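Everything below concerns the one structure shown next.
Bear in mind these aren't lab numbers, they're just calculated from the coordinates by the rules spelled out. Being a predicted model, the structure only gives us computed values, none of them experimental. Counting neighbours? That spans all protein chains shown, and the Cβs are built from the backbone with ideal geometry, glycine included.
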């Protein structure tokens, strides 16, 4: 049933776009926003869902209002001879449903799990009716093979995630790659192969890489684009899904929901400690369900996916939560959107901003436009001075607000935020001579002083060993390190020269955030001062 679609766990896929000129204000957009956001989440999802089926909305179904949603509503109204207000009356909404239902029934959309393909997805089972199993998934195709979808699983013990990306983009006869994007959580490759278009996506699911590949003949472009959006919106590796029992156990243990942590010593705090990835919203919903009394978000993140951060930021505003960047912590790039959404907000560590980076041109993934970002910042009452700094800072750089700017630009607002839980940061580790023979010793509980710092990843007894560790870091933690570039250093050990792998950071707070993200991705590290 279509009403069940709002219950599907969705992974919000997307990347930031390059900085574009701000779009002019659209007539009726404010009224459209008020109407759209007055609806329950399932109803908002239903509107976007129906607009996708009719070809008006070509972006991820995320239940969030932005210029893309507004324009899709107006396009639908115009196509039906309605007044293009951006607000659907009950009759308009019924018309939208009835028209989209024809497409829905033709495609036979349904939510399903592919056990062999290790994934949960929304599939047009009525159209892709020919199902063929194989070792690591299924092929779902039309009777004539004009549209074909394969679910895919590759064990990382057999081929690492970065090697799989290299293999997927390797030049082959008859294949032209038009778009390719990689980070440690997900990669996308699209182009043409033997006269057919294709779109391949893999997610890093820990010990396995889980994904799919959709291909189609050019004359089936319209249906393929609908399928492409639905799968991108709802595809989830099975081991990302949790049960109420596991969430309950996690909550009672004060443990993690992805990068969200429930500090056991403070029941009013939820902490973000790591890189912002594709499951941020889903994990946040689980954390809120486990700790509904939470009033404060403690933020420590190097940033990540813009669209996922914006989804959570809107929820933070709706919940009236406060946001805090504590001393020794850092909130950079996409994390800043979540910070600015706080009813009360306070920076004692570091807050960093820059332009949105241009990572991929595919419209299905690049659904967050600069207009959406600016609209959100305006909603969060971020001053133009702050936005100007953000827009003037190139994506390869980071602007860190100093103490005077935090006071004078209105970055902090509201009452002081006091929490019992300031989560242990990577800098609060003591020197371990067995693994770190040259790092300055730190007294227990002492944080690295402010100033340049290093994230130490490994010490090896040979240059070859260090180079292997360096390659491993680049292959597995590129997203966590952001713009920072790991390097090899040397030092005198007890038995001769030893070789270290480290990540230079502009400050201890920045190093903390990077190290937290690396740990969140399954790695190990600690922070030392750059002295």
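A few remarks follow.
- In terms of other Cβ atoms within 10 Å, 170, 95 run from fewest to most in the order 170, 95.
- Residues of the range 36-57 falling in the label zone of residue 106, defined by backbone nitrogen less than 12 Å from a point 7 Å along Cα to beta-carbon, are 53-55.
- Length gained on full extension, residue 461 to residue 415: 11.4 nm, using 0.36 nm per residue less the C-alpha separation.
- Peptides 327-334, 347-354 ranked from most to least packed by the mean count of surrounding Cβ atoms within 10 Å: 327-334, 347-354.
- Peptides 220-227, 55-62, ordered by how many other C-beta atoms sit within 10 Å of their residues on average, highest first, read 55-62, 220-227.
- Residue separation of residue 388 and residue 475 scaled by 0.36 nm, minus their Cα-Cα distance, works out to 27.9 nm of gained length.
- Modelled this way, with points 7 Å down the Cα-to-C-beta line, the labels at residue 113 and residue 207 are 1.8 nm from one another.
- Listed peptides 118-131, 299-312 appear in the order 299-312, 118-131 once ranked by packing, highest mean of other Cβ atoms within 10 Å at the front.
- Virtual paramagnetic centre 7 Å along Cα→Cβ of residue 192, amide N under 19 Å, in the range 201-215: 214-215
- All Cα-Cα distances of the range 108-241, cut into 5 Å bins from zero to the largest, leave 2, 11, 21, 24, 22, 15, 5, 1 percent in each bin in turn.
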